[in-house]
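Reading through the structure tokens given below for one structure.
The values are calculated or read from the model by the stated rules, or taken from the named source; none is laboratory data. Only a predicted model underlies this, so the values are computations on that prediction, with no experimental measurement involved. All Cβ positions, even for glycine, are placed from backbone atoms using ideal geometry, and neighbour counts span all protein chains on display.
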Amino acid sequence: MKNKNSTGFSLKDQLFNREKVEYLAGLFRASDHRFDVSGFVAKTMSQLSQLELKERITHIATVLEVHLDSDFRIAAEQIVAALPPPLDPNRTDNDFGEFIIAPLGQFVVRNGLEEKNLRLSLKTLKAITMRFSMEDAIRAFINAHPTKTLKELERWSTDSNYHVRRLVSEGTRPLLPWSGRLSIDRSEPMRLLDALHADPTRYVTRSVANHLNDISKQDAQLVLETLSRWQQEGRQAEEELQWMINHSLRTLIKRGHSETMQFLGFATSPKIQVTDFLLQPGRVQAGEAFEFSLTIQAKRDETLVVDYVIDFVKAGGKRSPKVHKLKQLRLERGESATIRKKHLLRADATTYRLYPGIHTVTIQINGQPFGQQSFELLPTS
């Protein structure tokens with residue numbers, strides 16, 4: 001996993017470095033004075049700089065195997081004893097914890113995956129996830145022991161700790177970033193989401209919405225049916241459920257999926273007129289911005305979701321469209337609205353690379369195209 005851009009920032013070095021390794025060693029030393037801090041740090045640091053992010057997690061786990069007891073039952077006790085205090089229970093969102101705790105989960109996967117250790121392994125992951133999400137580690141147990149692990153996750157869905165509840169959704173996501181795929185069918189965790197969708201914590205409901213967004217890329221009908229059922233049940237606050245609906249359907253909205261548009265109350269063939277769609281300048285370089293404007297007039301009362309699609313030139317002359325959110329608005333019959341947007345073409349983006357050539361910008365309203373302009377991205381000098 002590469003994670004270094006032209007500015008020199010390195011995510012892997014920020015998350016896994018000598019200071020973090022010494023912190024982890026200090027946790028074990030605080031709970032057991034016999035833990036070899038200097039040996040652990042030296043062995044870990046001897047290879048760390050050569051490794052990518054996920055490789056560093058595995059490497060630290062393998063070094064721990066030398067410094068913890070060879071009996072997994074005892075090693076699990078050593079891990080739990082060394083854990084820092086749980087994350088702040090009063091902070092209910094975006095509290096992911098310290099990445100340096102991740103190798104503990106990898107240790108459990110590497111040494112506790114046999115069925116005889118399943119109960120202890122899951123208990124250990126539950127304790128760790130209150131300090132750092134074990135969403136990646138739990139997937140190995142779902143694949144190896146799906147029935148028993150899902151049964152335990154069902155119990156966790158009502159746990160008093162929201163980090164544990166979030167793990168139930170996040171760990172069963174079909175397309176969890178940075179993680180391998182699950183062997184279970186995407187519909188199997190739906191009963192877990194049925195319980196979690198009414199959770200009072202945004203950290204949990206965001207995960208549920210992201211989970212549904214994953215599913216929507218392969219089974220839009222299942223997602224729409226699930227959201228419709230949740231609306232009818234009325235177990236989640238109306239405002240929160242509406243937020244979850246919009247977040248769950250964001251990919252389908254960008255794709256202009258007709259049933260999704262109808263579900264959200266958007267006409268799939270809006271009666272509108274788009275005029276004065278202008279884009280400038282016609283030639284830009286990476287690091288610069290282009291601007292565009294357009295006017296929309298409604299011929300009847302309309303609720304509109306307006307996006308713009310940049311058809312990026314890729315390596316070898318291929319093209320890749322990327323949808324960008326622009327605006328949602330309500331227009332009465334005969335009413336007009338002018339929209340302006342400035343888009344920076346980042347030269348230092350970490351998620352994509354810019355290539356010179358003719359790029360097109362298409363206005364997309366309620367999933368339908370309404371006009372197109374182009375600009376030329378010049379080669380870097």
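State whether the residues of segment 98-119 include one that is hydrophobic (A, V, I, L, M, F, W, C), buried (at least 18 other Cβ atoms within 10 Å of the Cβ) and in contact with a His (Cβ under 6 Å, 6 or more places away or on another chain).
For segment 98-119, residues hydrophobic (A, V, I, L, M, F, W, C), buried (at least 18 other Cβ atoms within 10 Å of the Cβ) and in contact with a His (Cβ under 6 Å, 6 or more places away or on another chain): absent.
Looking only at segment 263-304, how many residues end up being of a type in the set (Gly, Ala, Ser) and under 12 Å from PHE370 (Cα atoms)?
1
Does segment 82-95 hold any residues that are surrounded by fewer than 13 Cβ atoms within 10 Å (Cβ to Cβ), of a type outside the set (Asp, Glu) and either within 24 Å of VAL21 (Cα to Cα) or touching a Cys at 6+ places or on another chain (Cβ under 9 Å) (or both), and which are they?
The answer is PRO85, ASN94.
Need at least 3 residues that are over 24 Å from ASN143 (Cα atoms), assigned by TED's automatic domain parsing to the domain that holds TYR203 and more than 29 Å from the chain's Cα centre (by Cα) per element, so show me which helices (runs of 4 or more DSSP H) inside segment 22-110 make the cut, counting only ones lying wholly within it.
Correct list: 72-82.
Tell me the residue from ALA220, ALA140 that is modelled with pLDDT of 95 or more, closer than 28 Å to LYS254 by Cα and of a type in the set (Gly, Ala, Ser), please.
ALA220
With respect to GLU291, is the statement that it is modelled with pLDDT of 95 or more and more than 15 Å from LEU345 (Cβ to Cβ) true?
When the stated conditions are applied, GLU291 does not pass them.
Can you name the residue in segment 9-51 that is surrounded by fewer than 18 Cβ atoms within 10 Å (Cβ to Cβ), of a type in the set (Ser, Thr, Tyr) and over 20 Å from PRO85 (Cα atoms) and, of all such residues, is modelled with the lowest pLDDT?
Ranking the candidates gives SER10 first.
Mind listing whichever residues of segment 148-192 are farther than 13 Å from LYS126 by Cα, buried (at least 22 other Cβ atoms within 10 Å of the Cβ) and not charged (D, E, K, R)?
SER169, THR172, PRO189, listed by residue number.
Under 24 Å from the mean Cα position of the chain (by Cα) and surrounded by fewer than 16 Cβ atoms within 10 Å (Cβ to Cβ): which single residue out of GLN328, GLN285 fits that description?
Result: GLN328 is the single residue among GLN328, GLN285 that is under 24 Å from the mean Cα position of the chain (by Cα) and surrounded by fewer than 16 Cβ atoms within 10 Å (Cβ to Cβ).
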